[in-house]
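Asker: Structure provided below as structure tokens; questions to follow.
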Amino acid sequence: MDTLRVELSPWEIDVSMLEPFYAKTPLVASAHSVLDRVWQSADAQTQKMYGPQFVQGLHTHSKELYKRSMPSQWVVDATINAIRKQGGARKARILIGFWWVGTLIRLQEWSPSWIVDFFTKLIMKRLGTWPSDPFLLKDAKRD
């Protein structure tokens with residue numbers, strides 16, 4: 001988006017990127033049923049690699065995510081406000097959500113990749129969304 005914003009600037013075309021956190025929409029509300037369909041259609045090797053705790057972890061996480069999602073009207077309001085601003089939006093990147101969402105994103109941007117990766121893996125393991133045997137895929141490719 002930054003490249004597009006710079007490339008269109010000679011024509012005085014403003015580009016803003018709206019980045020909403022999860023919003024209470026039918027898509028987020030039905031995430032667990034989509035996960036079930038994908039899991040059921042996965043081959044036995046994939047199901048074995050991730051294990052049954054994976055689906056349970058995703059179910060728990062998707063329900064919790066929906067509870068913590070922001071009202072969808074926030075996204076609509078932020079979009080309208082950005083469009084209606086005299087001279088365009090004040091910032092090229094507009095984060096929409098609770099105060100801590102922007103804080104987490106900024107911390108991720110400023111932190112070294114290894115720190116972000118470490119905490120992402122830690123959270124995935126705690127949620128149960130880390131593969132139970134990630135090396136099954138390597139073994140399958142050798143066969």
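The values are calculated or read from the model by the stated rules, or taken from the named source; none is laboratory data. Please read these numbers as outputs of a predicted model, since none were measured by experiment. Here the Cβ positions follow ideal geometry from the backbone for every residue, glycine too, while neighbour counts run over all protein chains shown.
Asker: Answer yes if at least one residue in the stretch 87-103 is over 21 Å from Thr129 (Cα atoms), crowded, with 17+ Cβ neighbours inside 10 Å and modelled with pLDDT of 80 or more, and no otherwise.
Answerer: No: zero hits.
Asker: What about Ile83, is it part of a helix (DSSP H, G or I), more than 29 Å from Val34 (Cβ to Cβ) and among the aliphatic types (A, V, I, L, M)?
Answerer: So Ile83 passes the test.
Asker: Could you tell me how many of the residues in the stretch 1-31 are of a type outside the set (Ser, Thr, Tyr), outside any helix (DSSP H, G or I) and closer than 24 Å to Trp99 by Cβ? Show your work before the answer.
Answerer: First, pick out the residues of the stretch 1-31 that are of a type outside the set (Ser, Thr, Tyr): 1-2, 4-8, 10-15, 17-21, 23-24, 26-29, 31.
Among the residues that remain, those that are also outside any helix (DSSP H, G or I) are: 1, 12-15, 17-21, 23-24.
When the remaining residues are screened for being closer than 24 Å to Trp99 by Cβ, the result is 1, 17-21, 23-24.
Of the residues in that region, 8 qualify.
Asker: Which residues, taken from the stretch 7-53, are at pLDDT 85 or above, farther than 30 Å from Pro134 by Cα and exposed (fewer than 12 other Cβ atoms within 10 Å of the Cβ)?
Answerer: Within the stretch 7-53, Glu7, Pro10, Trp11, Pro26 meet the criteria.
Conditions (1) of a type outside the set (Phe, Trp, Tyr); (2) without any contact (Cβ under 8 Å) to a residue 60 or more places away in the chain, marked per residue:
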residue: Asp43; (1), (2): yes, yes
residue: Tyr50; (1), (2): no, no
residue: Phe54; (1), (2): no, no
residue: His61; (1), (2): yes, no
residue: Leu65; (1), (2): yes, yes
residue: Arg68; (1), (2): yes, yes
residue: Val76; (1), (2): yes, yes
residue: Thr79; (1), (2): yes, no
residue: Ala82; (1), (2): yes, no
